[in-house]
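The values are calculated or read from the model by the stated rules, or taken from the named source; none is laboratory data. None of the values given here were measured: they were computed from a predicted structure. Cβ placement follows ideal geometry from the backbone for every residue including glycine, while neighbour counts extend to all protein chains displayed.
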Amino acid sequence: MIGFIKGQVEHLFTPTAIIMTASGVGYEIELPLNAFCQLQLNQPIGLWTHLVVREDAHLLFGFLTPHDKELFRQLLKINGVGAKMALAIMSTLTLDELKHYVQTNNETALTRIPGVGKKTAQRLIIELADKLKNLGGENVIHQQSLMNEMQNDTNQNNEMHIIAEVEAGLMALGYKEKEAQLAIKTAKSQLDDTMTTQNLLKLALKSLA
């Protein structure tokens, strides 16, 4: 089992990164969108990873913290939740938001996640009720801190590149092209800071909630 990979960001294509290790091996790793948006080309990075073995492929999924990795594993244990849906959940909600919706039995909020229907939302509430208690919230703080640090370094990205990256990320979650474009348009009108992939994506996801 590949549990952790440390190297340099060699290539980015939403929501997948290729991490080149010191041994010269490049690993293709898929990440939740909020984590993906914190990566930069040629940046040194360490990712906690989970390997999913299928008949037709071996897929690596990466996370910034061990808490995120554990959340991903807990989601995979739920009937009807595959890797793609688990990433959609983690890309759409923070851990604290997921905890809140589970604790308050908020099926409506959970069904706003791409691919999550009423029955799946009910299973999430039932099966995560106890498991989420053991997962701390410091990963949310850690990720937000990293996002704030990264924002100062992303001004070099031009607007068209940022919009294309956010649109690709939203479509990877399961949103249709027109939905993604409308969400981005709404997010742009709400921006009160320098446009970055991180803050545009955050506002776009908020408008789709």
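Quick notes on this one:
- Test: residue in the stretch 95-111 that is touching a residue at least 40 places away in the same chain (Cβ under 8 Å) and touching a Gly at 6+ places or on another chain (Cβ under 7 Å): yes
- Any hit, the stretch 68-79, residues being out of contact with any helix residue (DSSP H, G or I) (no Cβ under 8 Å at 6 or more places or on another chain) and closer than 15 Å to I5 by Cα: yes
- Residues (surrounded by 14 or more Cβ atoms within 10 Å (Cβ to Cβ) and assigned to a helix (DSSP H, G or I)) located in the stretch 85-99: M85, A86, L87, A88, I89, M90, S91, T92, L95, E97, L98, K99
- Exclusive hit being out of contact with any Cys (no Cβ under 6 Å at 6 or more places or on another chain), outside the structural domain of Q38 (by TED's automatic domain parsing) and modelled with pLDDT under 90, set L87, L76, L71, L95: L95
- Residues that are aliphatic (A, V, I, L, M) and surrounded by fewer than 17 Cβ atoms within 10 Å (Cβ to Cβ) were ranked within the stretch 21-44; the one that is farthest from A172 (Cα to Cα) is A22.
- Boolean, L47 is surrounded by 13 or more Cβ atoms within 10 Å (Cβ to Cβ) and farther than 16 Å from L135 by Cα: yes
- Scanning the stretch 53-75 for residues that are surrounded by 18 or more Cβ atoms within 10 Å (Cβ to Cβ) and among the aliphatic types (A, V, I, L, M) gives L60, L64, L71, L75.
Here's the yes/no breakdown for (1) of a type in the set (A, V, I, L, M, F, W, C); (2) within 20 Å of the chain's Cα centre (by Cα):
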site: I89; (1), (2): yes, yes
site: T94; (1), (2): no, yes
site: K99; (1), (2): no, yes
site: N105; (1), (2): no, no
site: R112; (1), (2): no, yes
site: V116; (1), (2): yes, yes
site: A129; (1), (2): yes, no
